[in-house]
1. Take A:ILE307 and tell me if it is within 30 Å of A:PHE216 (Cα to Cα), free of Cβ contacts under 8 Å to residues at least 60 places away in the same chain and either assigned by TED's automatic domain parsing to the domain that holds A:VAL167 or part of a loop (DSSP other than H, G, I, E, B) (or both).
2. Counting only residues that are buried (at least 19 other Cβ atoms within 10 Å of the Cβ) and in a helix (DSSP H, G or I), how many does region A:346-364 have?
3. Got a number for residues in region B:32-50 being near ligand 1 (Cβ under 6 Å from one of its atoms) and part of a helix (DSSP H, G or I)?
4. Could you figure out which of (1) in a loop (DSSP other than H, G, I, E, B); (2) open to solvent by less than 30 Å² (accessible area, probe 1.4 Å) isn't true of A:PHE48?
5. Looking at (1) in a helix (DSSP H, G or I); (2) more than 26 Å from A:PRO375 (Cβ to Cβ); (3) open to solvent by 40 Å² or more (accessible area, probe 1.4 Å), which is the one condition that is false for A:VAL72?
6. Is it the case that some residue within region A:216-223 is within 14 Å of another protein chain (Cβ to nearest Cβ), within 25 Å of A:GLU149 (Cα to Cα), not in a helix (DSSP H, G or I) and not small (Gly, Ala, Ser)?
7. Looking at A:LEU138, A:LEU199, A:LEU188, A:LEU192 in this structure, which one is part of a helix (DSSP H, G or I), open to solvent by less than 60 Å² (accessible area, probe 1.4 Å) and not acidic (Asp, Glu)?
8. Scan (1) surrounded by 17 or more Cβ atoms within 10 Å (Cβ to Cβ); (2) within 17 Å of B:THR170 (Cα to Cα); (3) among the small types (Gly, Ala, Ser) for the single condition B:GLY35 breaks and write down its number.
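The values are calculated or read from the model by the stated rules, or taken from the named source; none is laboratory data. The shown structure was predicted, so the numbers you read here are calculated from the model rather than taken from an experiment. Cβ placement follows ideal geometry from the backbone for every residue including glycine, while neighbour counts extend to all protein chains displayed. Accessible surface areas use protein heavy atoms only, side chains included; no ligands, DNA or RNA. Shrake-Rupley method; radii C 1.70, N 1.55, O 1.52, S 1.80 Å.
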Amino acid sequence: MAGNLWKPYSRVPLLGWFFGALVAVTLERLAGAPLAQFLGLQKIPVLFGFSDMLKTPVSIPNVLLYLLAVYVVPAAAVTRLGASPANGIAAALYRFPMAVTAAVHLALLYAVLHVWAGASDYRVLVLRLTLIAVMLTLSLNVINGYMGEFSCSHPGFMALGAYCASVLTIGLFVDAELFGAASLSPALGRFLFPVALVLGGLLASFGGLFVAIPSFRTRGDYLAIISLAFLFIVKSLIENLEFVRGPRGLSGQPDWADLPTVFLWTVLCVWSVNNFVRSTIGKALNAVRDNEMAADAMTVDTRKTKIAAFLFGAFWAGVAGGLFAHVMRYVNPGNFGIQNLAEVLAMVYFGGLNSVYGSIVGAVSISLLGEALRPLEIFKWIIIPLLLILVMIFRPTGLIAFRDLDVASLLKPKANPGEGG
Amino acid sequence: MTLPVLQVRNLSHDFGGLRAVRGYNLEIGSGQIRGLIGPNGAGKTTIFNLITGIYKPSEGEIFLGGKKIDGLPPHRIASLGVSRTFQNLLLWRHMTVLEHVKMARYSKIRYGWLGAFFGTSARHREEAGIEETALHLLDRMGIRHLADQVVLNLPYGAQRRVEIARALATEPGILLLDEPTAGMNPEELAQIMEIIRRVHGEFGMSILLIEHRMKVVMELCETVQTLDFGAVIAEGTPGEIQNNPRVIDAYLGRERAE
Ligand SMILES: Nc1ncnc2c1ncn2[C@@H]1O[C@H](COP(=O)(O)OP(=O)(O)OP(=O)(O)O)[C@@H](O)[C@H]1O
Ligand SMILES: [Mg+2]
């Protein structure tokens, strides 16, 4: 029965799902508010109604009704009815170079996110932070999953990127009292922001060297401790640097990390990580993880491989840090501590080791869950770890571990346009 | 006379107080198969580890085609042309058969880090070439149908073949095989011997073979060295070795006694 209901959907190409989602979010923009009012809700449920349901349990049926009417039914209907045209379009697109096909899909995905998030500032904020979490998780997965080292230094790399980018943007483009008058016009800043982010990433990469070099000789627990020490060193370094205002933190970053910017950087990160881990050079990370001696004997330069993994992972953590600083427009050393580490580690191990899909799923689900469970306050920190323990028991390597993300097969039409439907 | 492919001169190695290899010499010419036998703990694997750079010799020198290689890091020695298999099968548990063989092309890759991160067209071309070479090798080893399997799930005999295919993918000048028939049933044994013969015939490879089974040594090797307590106690054709009283005493006798 359920199988029969699902069957038509197995032939829907990714494009078809995007169409369905786009219709649903557009519908919400047009009719969400009146519907919410009609159902007696104060406003539209911001994050799929989790917090509304937790705060006022009597509203549960109405919230569910809202979700059905706005998201589930329209999306399901459009996706199903649109399956064959979607397949037709997907097939036509598939004949173009992969870059074009991918760009169209990404544009559609962005449209869905943009329309959905447009309903409230809170959604925009959560979405940007979630995308940044995806970058962090993926970059940590390169080191902890693909290369199998247990590195704890990620928030440290993130802090380096965040502070480097902030110092550059505030110092050069904002008239902050700390750094004196701005020397460059803010109009230029929009274009130089990517440069600031990349420089932040490179500084983080440089920091990565301090963990990469010890990793030549140690593995496992010892490296975990070294990397943790690195995190604390970075944190206390920043706390004691007066020119970035020590523990008081840096504020006043320009508002340049808007949704399209964060989205583009996330795409770039996912794309380059996926390229890397699927190349033979990138698979050397797996060889080093699974057996270093054999990797060496098969001509793999294991030191170069380790350095590359740490520098590459740290780079993206640094870029993510720079974006984070410009989303929050305030950072202090406390942002980059053990709690942050625990969150990113949870996302990596929950989503799945050695998997781009896994990192995306892990980052999105833990981020959204964290937001949704916010009304529970302290209980949030009981529920999330419990969930993690459950996953570790039933799927020790995470939800979607050891799966390659093959873009070409992801974007393929699922049936010939003629026979679809 | 042409230069030997591999030349080892007066090699010794100490583990703490234990002298595991003492004054070992070897010269292998192009296309020769040489055997290395000896009781457990004689130092055979240690010699392989010394040649491949896993250990740095306490004394002695190693030359590959006249070039001194002792002291170089293992991956350099491997890319210069010394390849090997491991006594206890060191495969990469999460990787597929095809990925194993492709990985051994690592030192030949030219597209570099930028190609790896940004997927340039040069990289795609090169990766396609690597894949073709790898599939061709799998074909020769008779395991092409297993290309997409994760090695962990394969039977022992197939895992041995993966190791040999992987070792060949580095395009070595000499192949070191460390007990390639260990733990095999008679059928697998016949197959692996056929493969070694084919590798020798088709690739014209020089091979140094550590082996416990006299039958294998007798059939495959031109000359054999017998090692005991780290030193060579006898050297000669398999026939001579088998009848050498010192060998019988040190090795064959002991084995019979077991
Ligand atoms: N890493 C090491 N550290 C200390 N001692 C070692 C090490 N590796 C080997 N040995 C010792 O060196 C000696 C030679 O070992 P090796 O593994 O070379 O023997 P082998 O001839 O390969 O034996 P087998 O037939 O059992 O494989 C043994 O006494 C062994 O215990
Ligand atoms: Mg041995």
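1. no
2. Going through region A:346-364 one residue at a time, the tally reaches 13.
3. So the count comes out to 3.
4. Of the numbered conditions (1) in a loop (DSSP other than H, G, I, E, B); (2) open to solvent by less than 30 Å² (accessible area, probe 1.4 Å), the odd one out for A:PHE48 is (2).
5. Condition not satisfied by A:VAL72: (2).
6. Yes - at least one qualifying residue is present in region A:216-223.
7. On inspection, the qualifying residue turns out to be A:LEU138.
8. Tallying (1) surrounded by 17 or more Cβ atoms within 10 Å (Cβ to Cβ); (2) within 17 Å of B:THR170 (Cα to Cα); (3) among the small types (Gly, Ala, Ser), B:GLY35 fails exactly one: (2).
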